[in-house]
Amino acid sequence: MGKREPSIKIGIIGCGYWGPNLVRNFSAVDDCYVKFCCDIDANRLRYIQRLYPFLEVTREYQKIIDSPDVDVIVIATPVSTHFPIAIKALNAGKDVWIEKPMTTSVKEAQILIKEAEKRKRIIFVDHTFIYTGAIRKIKEIIKSNALGRILYFDSVRINLGLFQHDVNVVWDLAPHDLSIMDYLLEKTPVGIYATGVGHYNNDIENIAYLSVKFDSDMLAHFHFNWLAPVKIRQILVCGSEKMILYNDMEPSEKVKVFDRGVTINQKKKENIYQTLVSYRTGDIYSPKIDTKEALSVACEHFIDCVKLRKSPITDGYSGLRVTKMIEASQRSIKKKEHWEPI
């Protein structure tokens, strides 16, 4: 009996830095097959075909979208092209994988979601960090209520480069950490205050700070920077009972849980309330995390969703929520010292 042909055929548009990773990971997933790759750069196509001789290549993405032999379109192109390619793919009845950020505007994201729902198609937004073992473990800990009430979320993502010519540091780096916060906390922010500066091009900020507020006393803060002498990828989630430090640069113990906190006692003394603060310092432990490549997990999850016709963890609405926060940040930066609603 001959080998059964994979049921899901994939066309990948964009073969730059991330494209070969997508080909490699999708090729390893059962029941799917990467049939086409597209890029406007002929050298990139020659490179990808040397790595994967079985691929059909083209410089015209419309050929892939129009092909009856393609079920899924994977978009790994500059963000300004995400919307026009994705809307054509959805109109052609294809399921769509879109690299982060989903679109350049909230309006574009909403149109894509509406079109996908109308045609019963799936949108997957590649917020890759959601699929890392570290973030999934942190989610598990938060869900268990081990941290208690979440007090704040603090994130730093800085390095030297790479300066982008078409988007600022927020559009480049923030989708990672904003999507992580959205996934972990499951809380809707109500406003963003952002500051940023472009030292080499006043229209493209290379450093930015974002503060996000909620309908509670919880606060989130983010630092993004292309002009730092060190590379830092760190998140701190503080709860009333325990705290978590996630250091993505740590080779082994990326997640550490601290049994630390404060206890507030108010005592009445001679008609005056006296606040007493006591500090709790307990154990620190590093939980075992899954080391499987995040992109591999994401590809498997997406193909599973395509086969079962179910919504992905990072669906269009996930991409929309992140885009809303980025767009509000951009407005706040341009208006200077201004809280922007989300």
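Odds and ends about this structure:
- Qualifying residue in the stretch 105-117 (condition: basic (Lys, Arg), more than 23 Å from ILE303 (Cβ to Cβ) and either part of a helix (DSSP H, G or I) or outside the structural domain of ALA174 (by TED's automatic domain parsing) (or both)): yes
- Residue check, ASP304 free of Cβ contacts under 8 Å to residues at least 60 places away in the same chain, in a helix (DSSP H, G or I) and either surrounded by 21 or more Cβ atoms within 10 Å (Cβ to Cβ) or not hydroxyl-bearing (Ser, Thr, Tyr) (or both): yes
- Candidate set from the stretch 73-92 (those that are part of a loop (DSSP other than H, G, I, E, B) and surrounded by fewer than 20 Cβ atoms within 10 Å (Cβ to Cβ)); member that is modelled with the highest pLDDT: ALA92
- Residue match in the stretch 127-149 (condition: among the small types (Gly, Ala, Ser) and in contact with a Leu (Cβ under 9 Å, 6 or more places away or on another chain)): no
- Selection from the stretch 110-168 of residues that are among the hydrophobic types (A, V, I, L, M, F, W, C) and modelled with pLDDT under 95: LEU160, LEU162, PHE163, VAL167
- Subset tally (residues that are in contact with a Gly (Cβ under 7 Å, 6 or more places away or on another chain) and outside any loop (DSSP other than H, G, I, E, B)) for the stretch 132-168: 2
- Residue within the stretch 247-255 that is free of Cβ contacts under 8 Å to residues at least 12 places away in the same chain, within 25 Å of the chain's Cα centre (by Cα) and under 30 Å from LEU112 (Cα atoms) present: no
- Residue match in the stretch 234-244 (condition: assigned to a loop (DSSP other than H, G, I, E, B), of a type outside the set (S, T, N, Q) and out of contact with any helix residue (DSSP H, G or I) (no Cβ under 7 Å at 6 or more places or on another chain)): yes
- Close pairs (7 angstrom Cβ cut-off, 6 or more residues apart or separate chains): without any contact (Cβ under 8 Å) to a residue 12 or more places away in the chain and assigned by TED's automatic domain parsing to the domain that holds SER332 in the stretch 192-205, of a type in the set (Asp, Glu) and in a loop (DSSP other than H, G, I, E, B) anywhere: VAL197/GLU205
The values are calculated or read from the model by the stated rules, or taken from the named source; none is laboratory data. What you see is a predicted model, and the numbers here were worked out from it, not measured in a lab. We place every Cβ from the backbone using ideal geometry, glycine too, and count neighbours over all the protein chains shown.
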